[in-house]
Ligand code: G3P
Ligand code: MG
């Protein structure tokens with residue numbers, strides 16, 4: 001068997017097909033690898049098939065995710081099987097080329113805030129602050145200190161708040177001179193201190209132009225559309241994935257980043273009296289942007305750019321994996337087929353026997369998914 005970095009011979013029958021594997025609920029559940037997944041990956045690598053791992057997980061480096069995948073599946077040659085193939089929910093942000101990265105300030109919330117901040121800096125966000133930084137700088141923001149010595153322990157001083165924008169802003173008289181201006185809020189995965197994070201996200205969404213500690217005079221103005229909420233230059237809110245649930249070893253699905261979003265929406269509805277829906281943008285599956293990114297990565301393959309005819313998305317979550325693949329129509333005319341496995345989020349019940357988004361096929365697990373796809377190719 002090929003176990004080192006040597007390039008495998010490509011089986012010509014599979015030269016223009018590829019796989020996108022979801023991770024949680026497809027390759028492992030919590031710490032438990034799905035039986036047969038390791039051997040399957042070794043095999044398709046040896047066949048020269050193109051593949052990526054397309055996960056809605058996030059909050060850490062792509063290489064860290066590859067390392068946890070290697071550990072949980074017992075893959076001994078991850079450099080060969082996994083390297084440069086992991087696409088996390090926020091990975092497409094690596095390619096963002098915008099002014100905010102260079103000149104703006106972003107608030108990052110994630111499961112491991114300090115890890116996320118370091119990664120954001122590596123992605124090019126020059127000024128990334130975390131909720132922990134905010135309460136370290138001003139404890140009055142959040143009067144409950146129980147996580148200060150653990151989750152919120154690592155902090156950095158806030159960047160200078162007296163930005164050029166503050167000086168030229170026509171309303172600058174009302175802005176405290178040291179107020180921090182946040183230009184974008186990035187929720188990278190499910191936060192661990194929902195209460196603090198909902199508080200600071202709310203504070204920025206009701207602020208005057210993103211200056212922390214201010215209030216927009218438009219909030220609740222009935223003469224404006226949506227009663228004026230989020231219409232005063234507040235930071236854009238990005239949610240890196242919308243998964244309400246995901247799958248671990250536990251028999252019942254667990255809440256994900258989408259559940260945090262639902263909580264935030266609920267608080268927002270309370271604050272606005274239901275007058276304005278929460279405005280946000282999303283990345284991750286099922287968003288087209290994420291599938292475009294994955295398609296482009298697959299086209300580049302392991303070396304030169306090669307055309308694709310068909311991509312098989314193997315996933316466990318109908319609302320992200322299956323929906324995204326079904327709705328995605330790449331510009332090059334290739335097709336994405338969706339294969340739903342029974343090892344994860346999708347659990348047929350008497351009241352809901354069918355998945356909400358219908359896949360091309362439903363199979364037992366990832367091994368059967370690959371067997372089905374290769375047979376489908378004749
Ligand atoms: O937190 C991870 C979860 O939302 C989904 O991961 O690999 O099933 O897309 P995955
Ligand atoms: Mg999954």
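If I filter region 181-194 for residues that are modelled with pLDDT of 95 or more, surrounded by fewer than 18 Cβ atoms within 10 Å (Cβ to Cβ) and either away from ligand 2 (no atom under 16 Å from the Cβ) or closer than 30 Å to residue 289 by Cα (or both), do I get at least one hit?
Yes, some residue in region 181-194 is modelled with pLDDT of 95 or more, surrounded by fewer than 18 Cβ atoms within 10 Å (Cβ to Cβ) and either away from ligand 2 (no atom under 16 Å from the Cβ) or closer than 30 Å to residue 289 by Cα (or both).
Among the residues of region 260-277, how many are buried (at least 21 other Cβ atoms within 10 Å of the Cβ) and under 23 Å from residue 327 (Cβ atoms)?
So the count comes out to 1.
Just a yes or no: is a residue in region 310-320 more than 19 Å from residue 53 (Cβ to Cβ), away from ligand 1 (no atom under 14 Å from the Cβ) and in contact (Cβ under 8 Å) with a residue 40 or more places away in the chain?
No, region 310-320 has no match at all.
With respect to the numbered conditions (1) within 16 Å of ligand 2 (Cβ to nearest atom); (2) more than 30 Å from residue 212 (Cβ to Cβ); (3) in contact (Cβ under 8 Å) with a residue 60 or more places away in the chain; (4) crowded, with 23+ Cβ neighbours inside 10 Å, which one is the sole condition not fulfilled by residue 55?
(3)
Using the structure shown, decide if residue 194 is farther than 23 Å from residue 120 by Cβ and touching a residue at least 24 places away in the same chain (Cβ under 8 Å). Before you say what the answer is, go through the steps one by one.
Details: farther than 23 Å from residue 120 by Cβ: no; touching a residue at least 24 places away in the same chain (Cβ under 8 Å): yes.
Here the answer is no, as residue 194 does not meet what is asked.
How many residues, within region 22-47, are assigned to a loop (DSSP other than H, G, I, E, B), within 14 Å of ligand 2 (Cβ to nearest atom) and under 15 Å from residue 71 (Cβ atoms)? Explain how you work it out, then say what you get.
To start, the set of residues in region 22-47 that are assigned to a loop (DSSP other than H, G, I, E, B) comprises 22-23, 25-27, 30-31, 34-36, 47.
Right, trim to within 14 Å of ligand 2 (Cβ to nearest atom) and you get 22-23, 25-27, 30, 34.
In the following step, the residues that additionally are under 15 Å from residue 71 (Cβ atoms) were identified as 23, 27, 30, 34.
Adding up the residues that qualify gives 4.
In region 234-257, what residues are closer than 14 Å to residue 197 by Cα and within 14 Å of ligand 2 (Cβ to nearest atom)?
Residues of region 234-257 closer than 14 Å to residue 197 by Cα: 237-239, 257.
Listed by number, the list holds a single entry, 257.
Any residue at all in region 242-259 that's within 16 Å of ligand 1 (Cβ to nearest atom), surrounded by 20 or more Cβ atoms within 10 Å (Cβ to Cβ) and within 22 Å of residue 183 (Cβ to Cβ)? First the steps, then the outcome.
The initial filter retains those residues of region 242-259 that are within 16 Å of ligand 1 (Cβ to nearest atom), namely 242-250, 252-259.
Of the ones still in play, those that are also surrounded by 20 or more Cβ atoms within 10 Å (Cβ to Cβ) are 242-243, 246-247, 256-258.
Retained after the next criterion (residues that are within 22 Å of residue 183 (Cβ to Cβ)): 257.
Yes; the residues of region 242-259 include at least one that is within 16 Å of ligand 1 (Cβ to nearest atom), surrounded by 20 or more Cβ atoms within 10 Å (Cβ to Cβ) and within 22 Å of residue 183 (Cβ to Cβ).
What are the residues in region 334-361 that are closer than 21 Å to residue 287 by Cβ and surrounded by fewer than 18 Cβ atoms within 10 Å (Cβ to Cβ), if any?
Initially, region 334-361 is screened for residues closer than 21 Å to residue 287 by Cβ, giving 334-340, 344-346, 355-360.
Those that are closer than 21 Å to residue 287 by Cβ and surrounded by fewer than 18 Cβ atoms within 10 Å (Cβ to Cβ): 335, 356, 358.
Can residue 19 be described as more than 18 Å from the chain's Cα centre (by Cα), within 15 Å of ligand 2 (Cβ to nearest atom) and either surrounded by 15 or more Cβ atoms within 10 Å (Cβ to Cβ) or assigned to a strand (DSSP E or B) (or both)? Explain how you work it out, then say what you get.
On the way: more than 18 Å from the chain's Cα centre (by Cα): yes; within 15 Å of ligand 2 (Cβ to nearest atom): yes; either surrounded by 15 or more Cβ atoms within 10 Å (Cβ to Cβ) or assigned to a strand (DSSP E or B) (or both): yes.
Yes: the conditions hold for residue 19.
Given (1) more than 16 Å from ligand 1 (Cβ to nearest atom); (2) under 18 Å from residue 85 (Cβ atoms); (3) out of contact with any helix residue (DSSP H, G or I) (no Cβ under 8 Å at 6 or more places or on another chain), identify the lone condition not met by residue 294.
(1)
Among the residues of region 295-305, is there at least one that is within 16 Å of ligand 2 (Cβ to nearest atom), surrounded by fewer than 20 Cβ atoms within 10 Å (Cβ to Cβ) and touching a residue at least 12 places away in the same chain (Cβ under 8 Å)? Lay out the reasoning, then the answer.
Quick first cut of region 295-305, residues within 16 Å of ligand 2 (Cβ to nearest atom) only: none.
No, there is no match, as no residue in region 295-305 is within 16 Å of ligand 2 (Cβ to nearest atom), surrounded by fewer than 20 Cβ atoms within 10 Å (Cβ to Cβ) and touching a residue at least 12 places away in the same chain (Cβ under 8 Å).
The values are calculated or read from the model by the stated rules, or taken from the named source; none is laboratory data. On a predicted model such as this, the values are computed, not experimentally measured, just so you know. Every residue, glycine among them, receives a Cβ derived from its backbone with ideal geometry; neighbour counts consider all protein chains shown.
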